[in-house]
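First comes the structure, then the notes that go with it.
Taken together, the values in this text are just the output of simple stated rules run on the coordinates, not laboratory data. Quick caveat: nothing in here was measured; it's all calculated off a predicted structure. Note that each Cβ is placed from the backbone with ideal geometry, even for glycine, and that neighbours are counted across all protein chains shown.
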Amino acid sequence: MKLKVITSNPGKVAEYARSFSELGIEMEHLRLPYDEIQTSDLSEVVSKGMDEIVSKGVRDFIVDDSGLFIDSLGGFPGVWSAYAQKTIGNRGILKLMDGAGNRGAEFRCCIGCDIAGERIIVTGICKGSITDSERGSEGFGFDPIFTHDGERTFAEIPIEEKNRISHRGNAIRLLTEELKKKGLAERSADP
């Protein structure tokens, strides 16, 4: 079986392909624009997006949404992370946090999967904190200002290590567990 990965980011397709190959599920990249509702809840964004995608006649797909939620900023940028990254960037976030005592934050990734007529939505989380400055050259987005271990930012660790601990990696593991538990992975692997 093939699952369509609905994204504008080909890197996500490759990441999903590596994770789902052991289940006998192939990934296919599909660029399909859909409206993202304005809400502070990632699962609501994903669920409404799935409704729209299904209404367009698409089945057997994966869609996801991610965000950085910072405690001292009331969860900002959250679902608006992509917009915040484009407009104020890492330096803007650091400026907003200047003098903040609580630097706690978490990355969240919500994945919605429509497979064999079933809908599964999972959310993976990686807890950590925001650093005082940008560090590292790997990764993208907020990676240079987020640390999961208080020592290294996501931009300072190898991608393989990041994928084992990241919000997306955790969400992918939750999704594969759900597929196995529901017997959908075995069904999908059949010819």
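Full extension of the chain between GLU22 and ASP41 yields a length gain of 3.7 nm, computed as 0.36 nm times the residue separation minus the alpha carbon distance.
Using the number of other C-beta atoms within 10 angstrom as an exposure proxy, rank GLU36, GLU106 with the fewest first. Mind showing how you got there, number by number?
Working: GLU36 14, GLU106 18.
Final ranking by Cβ density, sparse to dense: GLU36, GLU106.
Quick one: which of LYS48/LYS95; LYS86/LYS180; LYS56/LYS95; LYS4/LYS162; LYS2/LYS86; LYS56/LYS162 span more than 31 angstrom between C-alpha atoms?
LYS48/LYS95; LYS86/LYS180; LYS56/LYS95; LYS2/LYS86; LYS56/LYS162, as the Cα separations exceed 31 Å there.
By definition, a body whose alpha carbon gyration tensor gives a ≥ b ≥ c is prolate when a/c is 1.5 or more and a/b is larger than b/c, and the chain fits this prolate description.
Working from Cα positions, state the angle (0 to 90°, nearest 10) between the long axis of helix 10-20 and the longest principal axis of the chain. Around 60 degrees separate the two axes.
Helix 42-55 and the longest principal axis of the C-alpha atoms of the chain enclose an angle of approximately 30°.
Estimated at 0.36 nm per residue, the fully extended path between LYS127 and THR87 surpasses their Cα-Cα distance by 12.0 nm. Can you tell me the FRET efficiency between ASN9 and LEU96 if r is taken as the Cβ-Cβ distance and R0 is 25 Å, rounded to the nearest 0.05? FRET efficiency, ASN9 to LEU96: 0.45. Counted residue by residue at 0.36 nm each, then reduced by the alpha carbon distance between them, the extension gain from GLU177 to GLU151 reaches 6.3 nm. For the chain, the Cβ-based charge dipole about the Cα centre amounts to some 120 debye (Lys, Arg positive; Asp, Glu negative; other atoms uncharged). The residue among SER43, ILE25, CYS109 whose Cα reaches farthest toward the positive pole of the charge dipole of the stretch 2-189, with charges on the beta-carbon of Lys, Arg, Asp and Glu, is ILE25.
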